[in-house]
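The values are calculated or read from the model by the stated rules, or taken from the named source; none is laboratory data. Note that the structure is a prediction, hence the values are computed from the model and not measured. Cβ: placed from backbone, ideal geometry, glycine included. Neighbour counts: every protein chain shown.
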Amino acid sequence: MKRSLTFLAVVIAAAAGGGYWYVQGKLPQREGEVALASLQAPVSVRYDARGVPHLQASNETDLYRALGYVHAQDRLFQMEIIRRLARGELAEVLGSKLLPTDTLFRTLRIREQAERYIERQDKQSPAWLALQAYLDGVNAWQDSHPKPMEFDVLGITPRPFTAQDTLSIAGYMAYSFAAAFRTEPALTYVRDQLGSEYLNIFDLDWNPEGALHSRPPLAAADWKSLEQLALISQHALSEAGIPQYEGSNAWTLSGSRTRSGKPLLAGDPHISFAVPAVWYEAELSAPGFNLYGYHQALNPFASLGHNREFGWSLTMFQNDDVDLIAEQVNPANPDQVRINGQWQALTITQDTIAVKGEEPVTITLKRSPHGPIVNQVIGANAGPTPIAMWWAFLETDNPVLEGFYQVNRADTLDKMRSAAAKIQAPGLNLVWANARGDIGWWAAAQLPIRPDGVNPSFILDGSTAQADKLGFYPFSANPQAENPASGYIVSANYQPPAAMPIPGYYNLADRGQQLDRQLADATIKWDTQNSQALQLDTASGYGPRTLAPLLGVLREVAAGDQEKELVEQLASWNGDYPLDSVSATLFNQLLYDLAYAAMHDELGDAWFQMLISTRVIDAALPRLAADAESPWWGLHGSSEHGSRSDAVKRAWQASLAHLRETLGNDPAAWQWGKAHTLTHNHPLGLQKPLNLLFNVGAFAAPGTHEVPNNLSAKIGPAPWPVTYGPSTRRLIDFADAGQALTINPVGQSGVLFDRHYADQAKDYIEGQYHKAQMGVIPEQSTLRLVPKN
């Protein structure tokens, strides 16, 4: 036994030692000297206390090559998984469960569009040369270091990263903005299967003849395939554990409104949480150029950034840049569709998807003159009606690469306006300020001109002119403002004022109103301190506004002193979501149960779940609550009439029963922080027990959907895992931009066991900030990159 125990101890020690050296070999190198091919001169990379690199180069090409190198050592797996998502190549490493996602992204033709974009590029432009240098740096790190741990787990063979990958990821970003896949089928189903009166709560214009009036109505199989298409679209990103873009806050104030007398810029883009976080921070410096930037995977140009002279943030425009179009098929030839009175052939190609552990799968891709046929994603179960997708990303020149290269250097209103005009898809709001005193906002998108009377909220009829596009509006017609008399600009995804109607899937105005009410107060002088409180605000008028018409009914249906007290707490609730709020928990549960009581009987499981996942439900539920005569209150398929009072009673009783079962019988235990939590999920953490190793959290989370601190969960029964929120919080006072504030939701590094893997997660959820240090920093370590002989 003694010999056996000795042998076991040796084996354990060897395994521990091997594991230690295995882990050490994967960690980023942040000090010492490394020879890097193609460098013209040495580059200094100083790391601060948060692991953010500060790069100093003697020329721009070396700067971007070094950025690619250090970005790769912190985030190579993120680069790999996101390019695979964008290009429809996930099943090759994650297995057949990702085949529907790959099929969807192949159908979207993102890879083809990336190729066309590259063909149009000026290969000698500074933007293109910078991208190539950056990719050289990424590939240099990959070629000279052990594979990341995730590559070993999944059996990924490294391959070079290319410009096609970078541009494909731009397509993924544009897709993640698009709400049409879920919203347009759901609204069309409501209109065509339930009737016009059911659309009133959505505040949509209705065509009494229906958008498909000149072609046969959609068959039951069509509705089934649209339902499946919407579900695939909804799950496409969540199954891969990759951040999806959802919304954002940004505002800027002129010097007349700030304590320092200089403009102030604030921004917090709302993106799905994941490990690693979406943004990679880096300060870049070369002769004539300096920028503290926030970079996406495989993109050398910062999507957010600032220096001492200017800065900008982004929000989603939310314009509708996708139309779903039902094509009319030629009865004599199923591969022809009717366009403007003539039968036109579909373009048909084959594609092959590699699947881990299985034979490759061949898919058929079809395209009409309107765009890709997207319901073919369903395969043999697709309905008889081809559904085409017109998508601005595929139909515009979209020189977004050049656009963001210029944004990174835009220190004047004229330069920023010119750069914004080059960003055509997806639609973005750019909110900008400079130290000279200017502030501005531009809604950047190339907006299509649709025929008069066409409502793209519904599936359009491809056999008529309603699916046509009559060109694009000039950029000058886009919503925008420069140095407004009010002295401030706020952008929060609500519908902006415009000279012409701009269809879109806009967020509620409540969040923007909450910000605007405070920013409009001319007695307040703003600085980074009171701006923190505004970014971290957890209240809005949405809850009280929705509850107000229901309180009378709730008082009638509440049984016993405890229930009556809960109703009175709701009546006095101000719509705030701190961790200890019971009313926040009760309202959130009641909101779901009210939607279920009113809508589920009409929609059934799949369409109900689809509808409550869209933005239109946020505006619909307060209108529904206020309309006692809405047909939604009826009991569909029942001889009973049904009423709002009956539905509210069912919802109230269901809410109490669920909360008692989930959180305990004592309402004092129904605190928001116990039911509303944030876990940062790694793609491998979606598979237990790897979640224990790779994921970060859970943390009790304040805030909610559509408050400034927009830590959002899906509408549903408690508990509520947070899915998205501020992907960073930034505050820059241009009196001293070197003291700008920032925070990363998790950490700078994506390498497991690295000290910067999750070192900011606790500070983030507690509302703390760190300095975005610029220039001379308290040096933690220095990596020196030198030319290879």
* Examine the stretch 327-339 for a residue that is under 22 Å from residue 229 (Cα atoms), hydrophobic (A, V, I, L, M, F, W, C) and free of Cβ contacts under 8 Å to residues at least 60 places away in the same chain, and state whether such a residue exists. => yes
* Asked: Is it the case that the stretch 688-696 has a residue that's among the polar types (S, T, N, Q) and modelled with pLDDT under 95?
  -> yes
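Can you tell me which residue is nearest to residue 728 (Cα to Cα) among those in the stretch 26-66 that are part of a strand (DSSP E or B) and of a type in the set (Gly, Ala, Ser)? Don't jump to the end; show me each part of the working.
Residues of the stretch 26-66 part of a strand (DSSP E or B): 32-36, 43-47, 53-56.
Then keep just the ones that are of a type in the set (Gly, Ala, Ser); that gives 32, 35, 44.
Values: 32: 30, 35: 33, 44: 26 Å.
Applying the filter and picking the extreme gives 44.
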* Asked: If you go through the stretch 769-779 one residue at a time, do you hit one that is crowded, with 17+ Cβ neighbours inside 10 Å and β-branched (Val, Ile, Thr)?
  -> no
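Every residue in the stretch 715-753 that is over 20 Å from residue 685 (Cα atoms) and of a type in the set (Phe, Trp, Tyr), please.
Filtering the stretch 715-753 for residues over 20 Å from residue 685 (Cα atoms) gives 715-718, 726, 728-743.
If the condition is that a residue be over 20 Å from residue 685 (Cα atoms) and of a type in the set (Phe, Trp, Tyr), then 734 is the only one that fits.
May I ask you to say which residue of 459, 489, 439 is within 20 Å of residue 322 (Cα to Cα) and within 26 Å of the chain's Cα centre (by Cα)?
Working: 489 fails: within 20 Å of residue 322 (Cα to Cα); 439 fails: within 20 Å of residue 322 (Cα to Cα).
Among 459, 489, 439, only 459 is within 20 Å of residue 322 (Cα to Cα) and within 26 Å of the chain's Cα centre (by Cα).
In the stretch 256-318, which strands (runs of 3 or more DSSP E) lie fully inside it and hold 1 or more residues that are out of contact with any strand residue (DSSP E or B) (no Cβ under 7 Å at 6 or more places or on another chain)? Let's see the steps before the verdict.
Values: elements: 264-272, 280-286, 289-295, 304-306, 310-316.
Output list reads 280-286, 289-295.
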* To do: With the condition kept exactly as written, say whether any residue in the stretch 375-390 is free of Cβ contacts under 8 Å to residues at least 12 places away in the same chain and either outside any helix (DSSP H, G or I) or crowded, with 20+ Cβ neighbours inside 10 Å (or both).
  => no
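Can you name the residue in the stretch 643-690 that is in a strand (DSSP E or B) and of a type in the set (Ser, Thr, Tyr) and is also nearest to the chain's Cα centre (by Cα) among such residues?
We begin by selecting, within the stretch 643-690, every residue in a strand (DSSP E or B); these are 676-680.
Right, trim to of a type in the set (Ser, Thr, Tyr) and you get 677, 679.
Numbers: 677: 19, 679: 16 Å.
Among those residues, the one meeting the criterion is 679.
When you go through 700, 740 one by one, which is the residue that is surrounded by fewer than 22 Cβ atoms within 10 Å (Cβ to Cβ) and in contact (Cβ under 8 Å) with a residue 60 or more places away in the chain? Explain how you work it out, then say what you get.
Numbers: 740 fails: surrounded by fewer than 22 Cβ atoms within 10 Å (Cβ to Cβ).
One residue alone meets the criteria, 700.
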* Asked: When you look at residue 395, is it among the acidic types (Asp, Glu), more than 30 Å from residue 301 (Cβ to Cβ), in the same structural domain as residue 180 (by the TED database) and surrounded by 15 or more Cβ atoms within 10 Å (Cβ to Cβ), yes or no?
  -> no
* Structure fact -> Among (1) farther than 26 Å from residue 513 by Cβ; (2) out of contact with any Ser or Thr (no Cβ under 9 Å at 6 or more places or on another chain), residue 717 falls short only on (2)
* Structure fact -> Inside the stretch 578-615, the number of residues satisfying the requirement of being under 24 Å from the mean Cα position of the chain (by Cα), assigned to a helix (DSSP H, G or I) and either outside the structural domain of residue 711 (by the TED database) or surrounded by fewer than 21 Cβ atoms within 10 Å (Cβ to Cβ) (or both) is 3
* **Condition met for residue 754 (more than 13 Å from residue 269 (Cα to Cα) and in contact with a Gly (Cβ under 7 Å, 6 or more places away or on another chain))** => no
* Condition test on residue 530, is it on the phi > 0 side of the Ramachandran plot and either assigned to a loop (DSSP other than H, G, I, E, B) or without any contact (Cβ under 8 Å) to a residue 12 or more places away in the chain (or both)? -> no
